[in-house]
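Everything on this sheet refers to the single structure shown next.
The values are calculated or read from the model by the stated rules, or taken from the named source; none is laboratory data. All values reported here derive from a predicted model rather than from experimental measurement. Note that we place each Cβ from the backbone using ideal geometry, even for glycine, and neighbour counts take in every protein chain shown. Each accessible area value is taken on the protein alone, full model and side chains, heavy atoms only, with ligands, DNA and RNA left out. Shrake-Rupley method; radii C 1.70, N 1.55, O 1.52, S 1.80 Å.
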Amino acid sequence: MHTISAELIQRTIALLGEGERRDTEIEIGVARFAPDKLAARRLIDWIPEAFGYALLPHVGEMTLPTTFTAKAKDGTWREFAFDREPVFGQAVQVANQMYRDNPRGVFSTVAKRSTMLAPVNDLLNTGRSVKGVKVDGPVIAAIPAEFYDPGVKAAKPAGGFLRKLLG
């Protein structure tokens, strides 16, 4: 399913890990080497989530998510297992290796962009424990659910017979 090369993942990590870059700078940078807009979006959205996922077990005892949510064209939200997005799995492996090898500057900068970390940080900043907390998977709004499951059908707008009936 729509694999992305390890080289593109590494290049995106390098961009994401360069200090406090603004989102638009990252989007422009990744767009320069990504094969298309959707690939760029996947790289930009998923790599930080993978780094956050790799960091969470080191923060405390909590239940890690196994799924993410994406929005279908009909406006409904669909849940998918992480294995539906190859970038996530590849990036988790890189993140785990980076955490073990200790280049924490880049690791931390990329992980801070994870939406899964924000609620955990909020708990820790208020002095509460994360022990036993169940972390929710990310909500991926910019990549349609249809990408992960082509069988997801958008609802058809009222038309034809129904439109005539309703006036």
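Data table
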{"read-out": "Residue-normalised accessible area of the chain, expressed per residue, 1.4 Å probe, Å²", "value": "58 Å²"}
{"read-out": "Cβ charges +1 (Lys, Arg) and -1 (Asp, Glu), total dipole of the stretch 105-146, debye", "value": "240 debye"}
{"read-out": "C-alpha center-to-center spacing [the stretch 124-153, the stretch 19-83] in angstrom", "value": "10 Å"}
{"read-out": "Three-way shape label, the stretch 1-80, alpha-carbon gyration tensor, a/c 1.5", "value": "oblate"}
{"read-out": "DSSP H segments from the chain that extend 30 Å or more along their own axis, Cα-based, with Kyte-Doolittle mean of -0.5 or above", "value": "37-59"}
{"read-out": "Among T12, A39, F147 - extreme Cα towards positive end, dipole of the chain, charges at beta-carbon", "value": "F147"}
{"read-out": "Whole-number D in µm²/s for the stretch 71-128 (Stokes-Einstein; Kirkwood sum over Cα pairs; 20 °C, 1.002 mPa s)", "value": "154 µm²/s"}
{"read-out": "Most positive-pole-ward Cα, A54, V87, G75, against dipole of the chain from beta carbon charges", "value": "G75"}
{"read-out": "Alpha-carbon radius of gyration plus Dmax, which is the widest Cα pair, for the chain in Å", "value": "18.4, 66"}
{"read-out": "Among 105-115, 73-83, 121-131, the order from most to least packed when residues are scored by Cβ within 10 Å on average", "value": "105-115, 73-83, 121-131"}
{"read-out": "Apportionment of accessible area to carbon and sulfur, the stretch 1-69, percent (1.4 Å)", "value": "50 percent"}
{"read-out": "Portion, in percent, of the accessible area of the stretch 77-149 that falls on carbon or sulfur, probe 1.4 Å", "value": "50 percent"}
{"read-out": "Label-to-label distance, nm, for residues given as Q97 and H58 (7 Å Cα→Cβ offset)", "value": "1.6 nm"}
{"read-out": "Net dipole in debye of the chain [+1 Lys, Arg Cβ; -1 Asp, Glu Cβ; about Cα centre; nearest 20]", "value": "520 debye"}
{"read-out": "Percent of alpha-carbon pairs separated by more than 21 Å within the stretch 26-118", "value": "36 percent"}
